[in-house]
1. Filter the cross-link list 243/284; 77/147; 144/260; 122/197 down to pairs whose alpha-carbon distance in this structure exceeds 18 Å.
2. Run down the aspartates and glutamates and flag those whose C-alpha is under 16 Å from the C-alpha of residue 231, throwing out any fewer than 8 positions away in its chain.
3. Give, in nm to one decimal, the length gained when the segment between residue 257 and residue 83 is fully stretched (0.36 nm per residue of separation minus the Cα-Cα distance).
4. Would you work out which of 230, 163, 105 lies farthest towards the positive end of the dipole of region 78-298, given +1 charges on the beta-carbon of Lys and Arg and -1 on that of Asp and Glu, about the Cα centre?
5. Give me the number: length gained by fully extending residue 250 to residue 291, i.e. 0.36 nm times residue separation minus the C-alpha to C-alpha distance, one decimal in nm.
6. Would you kindly find the accessible area of residue 213, with a 1.4 Å probe and non-protein molecules such as ligands, DNA and RNA excluded, rounding to the nearest 10 Å²?
7. Taking a 1.4 Å probe, which of 273, 79 shows the most accessible area, and what order do the others take after it?
8. Of the accessible area of region 78-298, with the probe set at 1.4 angstrom, what percent is carbon plus sulfur?
Amino acid sequence: MATALRAAVGNVAAPRALRSSSAVKAVSSAQVAASPFLGSKGKLFTQSSGQQQSVVVLQRRRIHGVRALQRGDYYVKEDGKPESLEYRVYFADKEGNTISPWHDIPLKAGDGLYNFIVEIPKETSAKMEVATDEPNTPIKQDTKKGKLRFYPYNINWNYGLLPQTWEDPTHANTEIEGCLGDNDPVDVVEIGERQAKIGEVMKVKPLAVLAMIDEGELDWKVVAISVDDPKAKLVNTMEDVEKHFPGTLTAIRNWFRDYKIPDGKPANRFGLDNKPADQEYALKVIAETNNAWANLVKRSVPKGELSLA
């Protein structure tokens, strides 16, 4: 799919965060074109830069097959064999239309809850992530030098992202050492007892946030709990986490601090005095990164072509 996209847009070098959603049906472009934003609503998008122009016609695709599994309000389809370079998990809505989990699933789930997309189930080590540089932004296993990536040990919580958020790599956060965003959606660490499935969309309550600094980039880690967890009603604040999940916030910080050390890399650092911030701060981070995502989309799609409702 990524190869087809590159062939379709020719020499376009689109920023990583702008290449997403829906299959390319046909393209007509100048020798050098502006970077197109690939939406998911089956519309004709046109981007211009001076006299240069790129036209991308998009089509909706439908998910079928025995491996299409329902994950709450959405369906996922697994293509390829797990733990292979070809493996992808695609998303569809109730009508079967392929959607982008990053762009098309809403951030807010109502009643003060947020949608959390599971990339890595707890007690697994394959480094799965939403492919922000592929059409439809499916989940795939990350690679390095052509090889699949695994954490050196299992991650002990469900891990994934908040849709419709973006850590802006041009924004210097004055509260976190002036660090720039890491150009990805915001990460979530879900502390409930149940092991989720890849592609599951869970409704969660944010409880705290850690400001991880990874090679100089700011990489927020929102700590949350699924509303379906048996302890969910008891846990509403950072203090509740310490009471009902004692030691968990420290364990999360230490896990993300140390996981690169076995590969010979230095430990990650944390801002905010090396401590988690409370729910209020977490909600501020979510709102700011949601706004950054909205601005990213607005400047990537011609006016009037995309609704952010």
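The values are calculated or read from the model by the stated rules, or taken from the named source; none is laboratory data. Worth saying up front: this structure is predicted, and the values here are computed from it rather than measured. Counting neighbours? That spans all protein chains shown, and the Cβs are built from the backbone with ideal geometry, glycine included. Heavy atoms of the whole protein, side chains included, go into the accessibility calculation; ligands, DNA and RNA do not. Shrake-Rupley method; radii C 1.70, N 1.55, O 1.52, S 1.80 Å.
1. Going by Cα-Cα distance, 243/284; 77/147 fall outside the 18 Å limit.
2. Excluding near neighbours in sequence, the set is 190, 193, 239, 240, 242.
3. So the extension gain works out to 60.1 nm.
4. Sorting the options by dipole projection puts first 230.
5. So the chain would gain 11.8 nm between residue 250 and residue 291.
6. 10 Å²
7. So, going from the largest accessible area down, we get 273, 79.
8. Answer for region 78-298: carbon and sulfur cover 48 percent of the accessible area.
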